[in-house]
Amino acid sequence: MKDQGGSTRKRTGGRLRPSHKKKKHELGRQPTETTVGEPKFRTIDARGNTEKVRALATDVASVAIDGETIKAEIQDVTENVANPNYVRRNIVTKGALIETSEGQARVTSRPGQTGNVNAVLVE
């Protein structure tokens, strides 16, 4: 299976041959599916002299309420537009609706990329 790339066929149906193979920085990784649970993080090397902190599991979210940010406990994932199966598996991604101790909130950060869950309270 070919990951991350365009079609191998032209619109006429002819075959497109790759002009070059992928370089190291063009390779992708498996998505980090952040779950609700005991906090667990992993640090990975990113391009340049940087590191990314990936949240494998977390139970705390920074929820923005009327200009203030409060640490709230994540109880459950109620809706996830990215994938309906993520709700059953309690996977947190950007855009997911989560049930917190402060109420329902929508996730605005990417936990698999930044290592923390930021959210905005939904009225």
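Give, in whole angstrom and from largest to smallest, the semi-axes √(5λ) of the equivalent ellipsoid of the stretch 22-68, with λ running over the eigenvalues of the Cα gyration tensor.
28, 15, 10
Evaluate the Kirkwood expression for the hydrodynamic radius of the stretch 1-98, namely the inverse of the mean inverse distance over all pairs of different C-alpha atoms, and round to one decimal in Å. Numbers along the way, then the final one.
Working: mean 1/r = 0.0591 Å⁻¹.
One decimal place: 16.9 Å for the Kirkwood radius.
Looking at the chain as a GNM with Cα springs under 10 Å, which of Q30, Q75, Q113 has the largest mean-square fluctuation?
Q30
Less than 9 Å Cβ to Cβ from V60, Lys/Arg counted +1 and Asp/Glu -1: what total charge do the surrounding residues give? Show your work: numbers first, answer last.
Working: positive: K71; negative: D59, E73.
Neighbour charge sum, excluding V60 itself: -1.
Add +1 for every Lys or Arg and -1 for every Asp or Glu among the other residues with Cβ under 13 Å from the Cβ of V120, and state the total.
So the environment of V120 carries a net charge of -2.
If you count only protein heavy atoms with a 1.4 Å probe, what accessible area per residue comes out for the chain, rounded to a whole Å²?
Heavy-atom SASA per residue in the chain reads 72 Å².
If you roll a 1.4 angstrom probe over the protein chains with everything in place, what fraction of the accessible area of the stretch 1-48 belongs to carbon and sulfur, to the nearest %?
On the way: 2230 of 4730 Å².
Heavy-atom surface of the stretch 1-48 belonging to carbon and sulfur, 1.4 Å probe: 47 percent.
Quick one: which residues, 5+ away or cross-chain, put their amide H under 5 Å from the amide H of V60? H built at 1.01 Å from N.
I74
Total Lys pairs in the chain closer than 18 Å by alpha-carbon, pairs eight or more apart in sequence or interchain only?
10
Protein chains only, probe 1.4 Å: how do R88, R29 rank by accessible area, largest first? Intermediate results must be reported in sequence, preceding the final value.
Working: R88 190, R29 150 Å².
Accessible-area ranking of R88, R29, largest first: R88, R29.
Averaging sequence separations of C-alpha pairs under 8 Å and six or more residues apart, then dividing by the length of the chain, give the relative contact order as a whole percent.
21
Given the options S101, S19, S109, which has the most mean-square fluctuation in a GNM of the chain, springs set between C-alpha atoms less than 10 angstrom apart?
So, out of S101, S19, S109, the one fluctuating most is S19.
Per-residue ellipticity at 222 nm for the chain, helices alone: DSSP H runs ≥ 4 residues times -39500 (n - 2.57), over residue total, nearest 500 deg cm²/dmol?
Taking each H run of at least 4 residues, the total per residue is -1000 deg cm²/dmol.
Read phi for every residue in the stretch 82-95 and hand back ³J(HN,Hα) as whole Hz from Karplus 6.51 cos²θ - 1.76 cosθ + 1.60, θ = phi - 60°, with x for Gly and Pro.
The phi angles translate into 4, 6, x, 5, 5, 5, 5, 8, 6, 9, 9, 10, 5, x Hz.
Taking the Cβ of R106 as the centre, find all other residues whose Cβ is under 12 Å away and add up their charges (Lys, Arg: +1; Asp, Glu: -1).
-2
Test of understanding: in a Gaussian network model of the chain with alpha carbons linked when under 10 Å, which of E68, E99, E38 would top the mean-square fluctuation ranking?
Among E68, E99, E38, the largest GNM mean-square fluctuation belongs to E68.
The values are calculated or read from the model by the stated rules, or taken from the named source; none is laboratory data. Being a predicted model, the structure only gives us computed values, none of them experimental. Quick reminder, even Gly has a Cβ in these numbers, built from the backbone with ideal geometry, and neighbours come from all protein chains shown. Heavy atoms of the whole protein, side chains included, go into the accessibility calculation; ligands, DNA and RNA do not. Shrake-Rupley method; radii C 1.70, N 1.55, O 1.52, S 1.80 Å.
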